[in-house]
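Accompanying notes for the structure given below.
The values are calculated or read from the model by the stated rules, or taken from the named source; none is laboratory data. Please read all numbers here as calculations on a predicted model, not as lab measurements. Every residue, glycine among them, receives a Cβ derived from its backbone with ideal geometry; neighbour counts consider all protein chains shown.
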Amino acid sequence: MTDYASLKHLIDEQGIQSVDFRVADFAGRFRHLTIPSVRFTPSLIADGLGFDGSNYGYRAVAGSDMVLIPDLSSAYVEERSGEKVLSLIADIRDAETRGAADIDPRGIARAAVAYAQELGIADEILVSPEFEFYVFNDVFYDTENGTNCVEIHAAEACDHRAGIGNTPHSAYHAPLHQDRLFEFRCDVVRQIEKAGIPVKYHHHEVGAFGQQEIELGFDSLVRMADATLIVKSLVHNTAVERGLTATFLPKPIHGQAGNGMHLHQYLVKDGINLFSGENGLTELALCYVGGLLKHGRSLMAWTNPSTNSFRRLVPGYEAPVNLVFGSANRTAAVRVPSYAKGDKRRIELRTMDATCNPYLAFAAILMAGIDGIQQGFHAEEMGYGPFEADLYEKNHGEAAPRNLPEALDSLAEDCDYLCCGDVFSEEEIEHWIQTKRAESDAVAQRPHPHEFVLYYDM
């Protein structure tokens, strides 16, 4: 539904009493502001709702007034604790002019697609994210007031009463009788599809302590960035309502599989998949992949923007640490699924995780790919692959950053490709770097529990 009359009819027909404005803050959290449905009028849609941009990480306190303008095409109905809510994803506008705000991640994502269209490269990029996450019974964590701990009470694979852990190497596609969170996932998937988002499948992932996966079908870049926030919100809310807790943290448990958010993708023009060649990827696709790998280290400042992201990117857990590509190779940063044939050919970026702001990460990925096409960064000719061997035992390609400061340093040195077509601005990039450096510093300044294990008795 893209017009006010249809949404007003839906509100009256279903007895909806609340309308929610949803918007991503700078880091990528899905915040919301609710109005009674009687206030949902054409004038409110045109004028929007004012908010404090400083609390979203967009501006300093001085001059922080910004406005949310709802995108009616994003509407979906969600039910929480018996309350039906009409949810609308909003764009961020300048309070004075009502024009595009200096920083609006959703606007940046749209601008990246528009840039590809202006260049005549593609009409759209279609993407499909995979969501890996853990569901626990309870988690306690604190780093203040003399407390420095994380305590996880797992929902699966551990009997805390007996103090016995049962940790098989892999719970991938666990049998139904061992898949204790099957019904939970089914509930979440029903809600995702009710929101109009296509689901490919869901299953238990490798992590024995409650790791799950939900994979979506393909849709346009902005739509799937919206969907990323919606899916994460539905997972979190459903867990809370069941007395559980869910996390997309890349590495919540040492020694167990981490959570990635692999992104399948291909370009489309005039309805044709531009990545599908007669015998494999097209030359355009190989240049797109070359762009992802050439800018791989700086790209990870957007796709892996947490200090925890790099605790996942270690050898041995199907988490890539080499900026190369391979066919059916899950240890490479870019995988070319061998089962995707004909007009279904695509590539999968395996480095990224769900701590990203999806609008900014997806836009940066597209800009890197566009630069690869524009500059002719042919992945094979540049020696990026294909490599089919286990890359943990080889030293192929450039190494991915080992920590967040490394990725931010790479972004500071390699950001020109993002500013093409005025998609990103230097100010936006610098604001991101400063924000993430502050997060990294906050972690570095605090003692780590394992330091007590190593050094407490010295």
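Quick look at the values:
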item: Whichever residue in segment 214-226 is among the small types (Gly, Ala, Ser) and surrounded by fewer than 23 Cβ atoms within 10 Å (Cβ to Cβ) and, among such residues, is farthest from residue 135 (Cα to Cα); result: 220
item: Top-ranked residue in segment 429-447 [being among the charged types (D, E, K, R) and modelled with pLDDT of 95 or more; ranked as nearest to the chain's Cα centre (by Cα)]; result: 436
item: Subset tally (residues that are buried (at least 20 other Cβ atoms within 10 Å of the Cβ), farther than 18 Å from residue 254 by Cα and of a type outside the set (Gly, Ala, Ser)) for segment 305-342; result: 10
item: Subset of segment 282-329 (residues that are more than 23 Å from residue 267 (Cβ to Cβ), in a loop (DSSP other than H, G, I, E, B) and modelled with pLDDT under 95); result: 313, 314, 315, 316, 317, 318, 319, 321
item: Looking only at segment 1-33, and only at residues there that are surrounded by 13 or more Cβ atoms within 10 Å (Cβ to Cβ) and of a type in the set (Val, Ile, Thr), the one that is nearest to residue 301 (Cα to Cα); result: 23
item: Some residue of segment 384-391 being out of contact with any His (no Cβ under 8 Å at 6 or more places or on another chain), at pLDDT 90 or above and surrounded by fewer than 16 Cβ atoms within 10 Å (Cβ to Cβ); result: no
item: Near pairs, Cβ below 6 angstrom, 6+ apart or cross-chain, from segment 345-362 (within 16 Å of residue 289 (Cβ to Cβ)) to any residue that is outside any loop (DSSP other than H, G, I, E, B) and among the basic types (Lys, Arg); result: 348/335; 350/335
item: Qualifying residue in segment 359-382 (condition: over 29 Å from residue 123 (Cα atoms) and either touching a Leu at 6+ places or on another chain (Cβ under 6 Å) or part of a loop (DSSP other than H, G, I, E, B) (or both)); result: no
item: Cβ pairs under 9 Å, 6+ apart, first in segment 79-98 and under 17 Å from residue 25 (Cα atoms) and free of Cβ contacts under 8 Å to residues at least 40 places away in the same chain, second part of a strand (DSSP E or B) and among the acidic types (Asp, Glu); result: 94/65
item: Flag for residue 336 being modelled with pLDDT under 95, within 19 Å of residue 406 (Cα to Cα), within 22 Å of the chain's Cα centre (by Cα) and aliphatic (A, V, I, L, M); result: no
item: Total residues in segment 111-131, condition within 16 Å of residue 357 (Cα to Cα) and within 16 Å of the chain's Cα centre (by Cα); result: 5
item: For residue 51: the one exception among (1) in a helix (DSSP H, G or I); (2) within 25 Å of the chain's Cα centre (by Cα); result: (1)
item: Count of residues meeting criterion [crowded, with 23+ Cβ neighbours inside 10 Å and either part of a helix (DSSP H, G or I) or under 16 Å from the mean Cα position of the chain (by Cα) (or both)] in segment 193-213; result: 1
item: Any chance residue 354 is in the same structural domain as residue 259 (by TED's automatic domain parsing), part of a helix (DSSP H, G or I) and either under 24 Å from the mean Cα position of the chain (by Cα) or loosely packed, with under 15 Cβ neighbours inside 10 Å (or both); result: no
item: Pairs, first on the phi > 0 side of the Ramachandran plot and in the same structural domain as residue 224 (by TED's automatic domain parsing) in segment 186-199, second not in a loop (DSSP other than H, G, I, E, B) and not hydroxyl-bearing (Ser, Thr, Tyr), C-beta under 9 Å, six or more apart; result: 196/227
item: Candidate set: segment 254-280, residues that are charged (D, E, K, R) and in a loop (DSSP other than H, G, I, E, B); chosen: the one nearest to residue 320 (Cα to Cα); result: 278
item: Residue under evaluation residue 28, criteria (1) in a helix (DSSP H, G or I); (2) closer than 30 Å to residue 424 by Cα; (3) small (Gly, Ala, Ser); (4) modelled with pLDDT under 95, criterion not met; result: (1)
item: Unmet criterion (only one of (1) surrounded by 14 or more Cβ atoms within 10 Å (Cβ to Cβ); (2) within 22 Å of residue 107 (Cα to Cα); (3) outside the structural domain of residue 351 (by TED's automatic domain parsing)) for residue 437; result: (2)
item: Matching residues in segment 404-428 - criterion: being surrounded by 15 or more Cβ atoms within 10 Å (Cβ to Cβ) and either within 10 Å of residue 301 (Cα to Cα) or touching a strand residue (DSSP E or B) at 6+ places or on another chain (Cβ under 7 Å) (or both); result: 404, 405, 406, 407, 408, 409, 410, 411
item: Which listed residue, of 23, 38, is of a type in the set (A, V, I, L, M, F, W, C), under 23 Å from residue 80 (Cα atoms) and in contact with a strand residue (DSSP E or B) (Cβ under 6 Å, 6 or more places away or on another chain); result: 23
